[in-house]
């Protein structure tokens, strides 16, 4: 299984949000390592850490979006809650390597693209208002 990669094309231009995204990807990659080592306990632990970090990240990101008067933040918040719900349910019933593999593939193929696609709209907003993260 390939590791997750956060390419520069997906950085949105806000230091804290970009750092959180990198930390989330790092946690997923630690889970890939656990999966490759066939360590079911570590898979579960890393997934719980990921879900917890995701909740914290979303709350922080929503506050930042409100601070920058991002008009689409309300819809973004609802989507965040749905993603958290899906992520938690993905990991709840995993007791086999096959289950964790499905969990990781679902995260890669479905949820990460949703998260990053919506965040790119916020990146456009930051550019529009002339935000400079320096």
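The values are calculated or read from the model by the stated rules, or taken from the named source; none is laboratory data. Predicted model only: the values in this text are computed from it and were never measured. FYI the Cβ positions are ideal-geometry reconstructions off the backbone, even for glycines, and counts take in every protein chain you see.
Just a few scattered comments:
- Exactly one residue out of 75, 93, 130 is at pLDDT below 90 and more than 20 Å from residue 1 (Cβ to Cβ): that is 75.
- Screening the candidates 98, 75, 91 for the property of being loosely packed, with under 12 Cβ neighbours inside 10 Å and more than 26 Å from residue 15 (Cα to Cα) yields one hit, 98.
- In the set 126, 104, only one residue is touching a residue at least 40 places away in the same chain (Cβ under 8 Å), under 16 Å from the mean Cα position of the chain (by Cα) and surrounded by 12 or more Cβ atoms within 10 Å (Cβ to Cβ); that residue is 104.
- Residue tally, condition in contact with a helix residue (DSSP H, G or I) (Cβ under 9 Å, 6 or more places away or on another chain) and either part of a helix (DSSP H, G or I) or within 22 Å of residue 99 (Cα to Cα) (or both), over region 56-78: 14
- Residue, modelled with the lowest pLDDT, within region 1-22, restricted to residues that are outside any loop (DSSP other than H, G, I, E, B) and surrounded by 15 or more Cβ atoms within 10 Å (Cβ to Cβ): 10
- Checked against the criterion of being crowded, with 18+ Cβ neighbours inside 10 Å, part of a helix (DSSP H, G or I) and touching a residue at least 12 places away in the same chain (Cβ under 8 Å), the candidates 53, 46 yield just one match: 46.
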